[in-house]
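The values are calculated or read from the model by the stated rules, or taken from the named source; none is laboratory data. None of these values were measured; they are calculated from a predicted model. Positions of Cβ are backbone-derived with ideal geometry, glycine not excepted, and every protein chain shown enters the neighbour counts.
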Amino acid sequence: MLVAVILALLWTTTVKYNQGVFTPGEPTVNAWLSAAPQLGHTPTDRDLYLRLFYDTHAGVPYYDAYARVYQSDPLGEFRLPNGVPGYRLPTLFLLWQMLPADGAVLPLAFLVFATLAVCSAYAIGTQLAPPRLAVLGALMVAAAYLTISTSSFVVFVDGWAMAITLTGLALFVASQRKHSRPLLWAAVAVMLLAASLREILLYPMLLAGASALFLPKQKWVKALWPWLLGFAIFCIIYAAHAVAIGGRVDKSGSVGFWLNGGVGHLVATQRFFEQLFGGAPVFVPLLVVTGLAGAVLTMREHARLGVFLTACVLVPHITFLFFGSAGRDMITGAVPGYWAMLVIPIALALAPAALTPLVKFDKIDSVHVGFSKG
């Protein structure tokens with residue numbers, strides 16, 4: 001019931017806010033989404049993605065539209081993307097073509113994914129903690145997704161893809177707890193779909209496959225090959241993506257593409273997520289540490305699952321110290337931290353598991369009403 005209330009508030013607030021009910025006299029999110037940015041006036045990623053929404057609806061082939069937007073923008077010095085990673089996979093944009101050709105419909109479609117994210121966070125939490133605590137994880141994910149659905153972040157692929165990853169994680173947790181092969185295959189398929197939207201989200205698939213090494217050697221092949229198959233399919237998809245780009249990249253701008261990591265980038269990811277939450281600067285790092293603690297505590301009952309969940313939180317953050325985005329804020333020159341949307345929601349879903357030892361619950365968390373004879 002509490003999750004249903006959270007979702008009702010998420011939907012209602014998004015619809016009303018985007019219509020301008022809470023900000024009378026100010027430009028609305030829907031008004032911005034309903035107008036295609038003009039070519040040559042797309043200096044930010046949000047303008048680029050919204051322009052792609054309208055161009056692909058108008059019948060312009062995806063890769064042609066992507067290159068044209070880049071080459072028409074003087075702030076980008078009329079250059080093409082500096083490598084294959086500069087092009088988003090077309091998966092979500094193909095899905096958007098199934099929607100009406102009005103950008104104002106995007107938040108409504110996004111709310112379906114947001115609902116999936118909230119329910120998946122709750123499903124992860126209930127398998128690792130009492131349901132009453134799992135609601136907290138669902139609430140935190142809903143808070144982050146509310147900010148996305150009521151801002152220009154709604155046109156970024158990240159939030160959409162992360163919702164699917166959370167579903168894949170929920171299925172994988174269930175497959176390990178129930179020793180269910182069908183649920184395992186479902187987890188592979190769903191995580192593959194997420195990676196097909198945003199290639200960085202390949203990392204949960206790789207970590208899930210690597211976690212099989214914690215099983216006895218005689219079980220390695222059976223546990224590994226679904227993930228190896230999923231990885232092979234992803235490689236085919238990404239290779240097709242690279243071929244479709246057809247060399248439309250500006251290699252002169254690719255120097256140091258992956259070398260913007262460091263402590264600054266790690267801190268930037270935390271600060272970026274503060275935009276979705278607000279609060280004190282230490283709030284988001286505290287939530288991440290709490291989620292990491294919840295993952296570690298899972299090892300007590302299920303070693304492989306606990307190691308996998310711990311790696312899902314820890315490995316990306318360690319990676320940020322060595323690799324980062326090539327982009328820079330046009331005004332401040334700061335390193336962007338938008339990859340936070342591809343990592344931190346997992347920690348939010350795991351946070352309730354860390355709180356379980358601190359709270360005393362009845363042995364049966366559900367409420368049962370019974371009658372005794374006599």
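Table for the structure above
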quantity	calculated
Selection status of Phe110, at pLDDT 95 or above, within 19 Å of Ser152 (Cα to Cα), assigned to a helix (DSSP H, G or I) and under 15 Å from the mean Cα position of the chain (by Cα)	yes
Meets criteria (in contact (Cβ under 8 Å) with a residue 12 or more places away in the chain and surrounded by 15 or more Cβ atoms within 10 Å (Cβ to Cβ)) for His57	yes
Which numbered condition Pro100 misses (of (1) over 30 Å from Val60 (Cα atoms); (2) surrounded by fewer than 22 Cβ atoms within 10 Å (Cβ to Cβ))	(1)
Test: Gly103 is small (Gly, Ala, Ser), in contact with a Ser or Thr (Cβ under 7 Å, 6 or more places away or on another chain) and over 10 Å from Arg248 (Cα atoms)	yes
Residue tally, condition aromatic (Phe, Trp, Tyr), more than 19 Å from Phe172 (Cα to Cα) and surrounded by fewer than 14 Cβ atoms within 10 Å (Cβ to Cβ), over segment 196-238	0
Residue within segment 171-178 that is charged (D, E, K, R) and in contact (Cβ under 8 Å) with a residue 24 or more places away in the chain present	yes
Sole exception among (1) within 15 Å of His241 (Cβ to Cβ); (2) surrounded by 19 or more Cβ atoms within 10 Å (Cβ to Cβ); (3) of a type outside the set (Gly, Ala, Ser) for Leu80, by number	(1)
Filter pass, Ala161 being farther than 20 Å from Ala8 by Cβ and crowded, with 24+ Cβ neighbours inside 10 Å	yes
